[in-house]
1. Rounded, prolate or oblate: which fits segment 269-337, taking a ≥ b ≥ c as square roots of the Cα gyration tensor eigenvalues, rounded meaning a/c under 1.5, else prolate when a/b beats b/c?
2. How much area per residue is accessible in segment 117-250 when the probe is 1.4 Å and only protein heavy atoms are counted (Å²)?
3. Ordered by packing density, taken as the mean number of other Cβ atoms within 10 Å over each peptide's residues, highest first, how do 158-171, 288-301, 456-469, 791-804 rank?
4. Let me make sure I get this right: for segment 418-481, a, b and c are the square roots of the gyration tensor eigenvalues over alpha carbons, sorted descending. Under 1.5 in a/c it's rounded, otherwise prolate if a/b > b/c, else oblate. Which is it?
5. For a quick protection proxy, order the peptides 88-94, 339-345 by their average other-Cβ count within 10 Å, most packed first.
6. Classify segment 196-325 from the C-alpha gyration tensor, please: rounded if a/c falls under 1.5, else prolate or oblate depending on whether a/b exceeds b/c.
7. Taking 60 Å as R0, compute the FRET efficiency from the Cβ-Cβ separation of I734 and L52 and round it to 0.05.
8. Please work out the average accessible area per residue across segment 267-415, using the 1.4 Å probe convention, and give it in Å².
Amino acid sequence: MQAQLAEFDEEIPGPSCRRPSGLNEDEGPVSDSWVLRTREQLRVCPSLRLVLQDPTPVLVVAVQRYLGEGTRPAVYYYDVTISDGAGTDTWFLSPELGHLVQRNLLRCGTQTKISRCSYRFQEKTLGSGLVCIEELELEGEQPAEAHHTQLDLGEQLPLQGGRKHYLPLWNREDPYGPMWKECKQADERIAVDVSRVCSLQHLENIWRVKTNLPPVLVRIMHKSRLRYFGKPDKKVDIPYQAYIEVADYSGMMSLVLWNSLCPEWFNTLQIGRVILLQNYTVKKGYPKRTLPTSGNSQVKRLPSLEISLNARDPLPVINVIQENLVKPDWRLPEVLYLFATRVELNDLPHNKVCDVIGLVTYVGRCERKRVSDDSEDFWLYRWIKVIDGTTDQPIIMEIFATSQPDLFEQIYPMSYLVCTQMRVVREDPEDSSNFAYLTTSNESQIFITGHHKGQPYISDQKVKNFIGWMKTQNEAEVKEKVVMGGYLPYPLTPATFLKYCNENKVESILTSFSELKKTFGNLHYREHKRIAVQGIVVALRCLAHNTNSVLRKDPVSYIEDGQEGIKLPETEQSAPQLQKPAAEVCLQPKNKHKKPMNMRKRPHEPALNDTKSSSVVPHTFHDSESSASDSHISEDQEDTNETLENDASKSTKAFWESDLWSEVKNSLKEHLHYNRVFPESLPRKFNYNHKEFLMQQYNVHPSKLSTMCHSRKKIQEFTCANSLGHCELTILSINQDLAIDVIALPALCSNNSWMFTMDHVQSNDHESSANTDYGELVTFVNAQDRLRVICILDICHLGENKVEVCLNRIYNPASERGCPV
């Protein structure tokens, strides 16, 4: 931590911009390469198509995405770079196989056999063509030691459609590829003639009458994320836009970077830098765009105009001035901030904008939200928790990609994180007393350890206060409490179903049981959705983890008031933050006709998410096959089964079933099994010695192969932070013909972590809702037998064939006045 604190002691100009290292390999002779021989055979084949009987396994080096042609909504194409050790080539993936990439089955680092391919000549060029992959067989991850030396892919262009650049694989906001140049250095020789400089306020008066506008000298105050506006039927080479707020002594105005100027200047124009701008145009300001909230109240906003920079008509001239050459008589405003502490956050209203600094105590996995139902575009985000010393409670933040991929992917526990222009979100905007979290705005920026030097905020008093507090902390004690990954039930669901529905029609809120399988099958890699289903909870099983030595012994049966139940022993150490004893689960049937608790240890059960219920994909793919559901389980699933079997052998499952379930379970049309707890579902204690591996696990899979892509370690080797076990529930459809098994993970982790705290858990009113805290959940389902409830399910595609389905909340709409159900 002391090394991190040093960043705030010395000021140097702007942060450095890092890019991932390239890949290198010397290609062998053509005759030795199956990849290059196959390309040549295809090119001269009369039918331009080959069916390969005994294909050589090849390593997938890169999978790169770009916008397809002429269809709306947009469809994306994928180019796949493959290597056989002697040669490397990039082939086009047939659009019918795109789902393999979308579910992260075909990815860099895997080995595959291409069994059918074709050759397509480019009709508008002479002699050139491309290979199209039409059928392949996936062979799984290649061991790290089998990887070849790194390959230098250079600056590639997409194979189809005349596109000039690739997009990031999992979102559209991040810069991707070598065209996004490194930061330009400030000009040490530039001489500023202040007499020629025009103020921004004066620019408002002269822009209509002047053809050659005078130079402006401004400081960068705020910066937006990139906006990609490519369309399938439009041919714009580099369709990007970025807004930058600049200011001088007279006011603040928007500057807009367009098209090819974005990759050239986006990484250079950092907040706080001073630029001299010449050869620009001025246009009326766009009235519907979002605007940042300035921390400098003395700067007047000038929203009527915006400075527009394009690569032509005219070609702009941008000079970056070194900070030590900036003169006081230029009267440029300082970048000031709106830092709020965790204590102050309690009083901030909904939609208020603030900045925060804190020590990272939890880093969630990267997940994605679909921009719209019919779109293949996604927002990339993750949940982060930080503490700032003003209280034990964390600041919880939903951080979307801010076009800073090198920083977004490098957030790890124990680092210092600054997030600017964050927006307060409250469940009920009218009630300032309820819990709030922060989410990024269009102008948010993030800064992590290694990138704080020279940033304007290091002189802010609240930042200094935080640094002073960090100097008093015991690093070893902090390390014991930090966590990464796992399922996180955020944002918290409202206390009532009526609030959950808000202004949406209930028909668009509820998902029918018959739609569930299709909903799961349509998920893309790391896509997260929250859905609501009507049903009846008919069975419950509780699994108490004792792999972390939290429980002293197995559960024991007991008799209370003539009823049979189960009681779990107390934990070895007290948990003062718990309002209820989380280690106690009591099932006390109120009706003597109900079946008694089954106390037997169950033998190893069949794999969940099995071939009868989950949407899985076969290992052989071609354009005539769909993402079939009659496949077998992947190796990763088998690894997960083995891990859970080891856990089960050390714990006891307690069962409860309703009479209704006994009556209908043998006559169901379909029973979906999604009660698997995957290794990715459980939070892990952070291990600083393996932070690179852990960051890799919880980031999205990279598009290009690197030395960091593979490791012999497995995530199961890291200590689970959840010491409370989990529950498995069976939910029956209200028509009693379909059922689904889901998991309920606890709302709390072990008592010595900062992952969850009780003030984030909402109403305990069983008449309206039930949280996934064990005591509440067990009491609720037992008391509400045969009651129709609304179950809120969090679903997430974890890659390959793994779909996580977690119960987030149970509502009893019958108890809510005005509820539409």
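1. Cα axes put segment 269-337 in the oblate bin.
2. Heavy-atom accessible area per residue stands at 50 Å².
3. In descending order of packing, they fall as 791-804, 158-171, 456-469, 288-301.
4. It is oblate, given that a/c is not under 1.5 and a/b is not larger than b/c.
5. Highest to lowest by the protection proxy: 88-94, 339-345.
6. Because its axes are fairly even, with a/c under 1.5, segment 196-325 counts as rounded.
7. Efficiency computed from Cβ-Cβ geometry: 0.70.
8. Result: 41 Å² per residue.
The values are calculated or read from the model by the stated rules, or taken from the named source; none is laboratory data. Note that the structure is a prediction, hence the values are computed from the model and not measured. No Cβ is skipped: glycine too gets one built from the backbone with ideal geometry, and neighbour counts run over all protein chains shown. The protein model used for the area step is the full one, side chains on, heavy atoms only, and it has no ligands, DNA or RNA in it. Shrake-Rupley method; radii C 1.70, N 1.55, O 1.52, S 1.80 Å.
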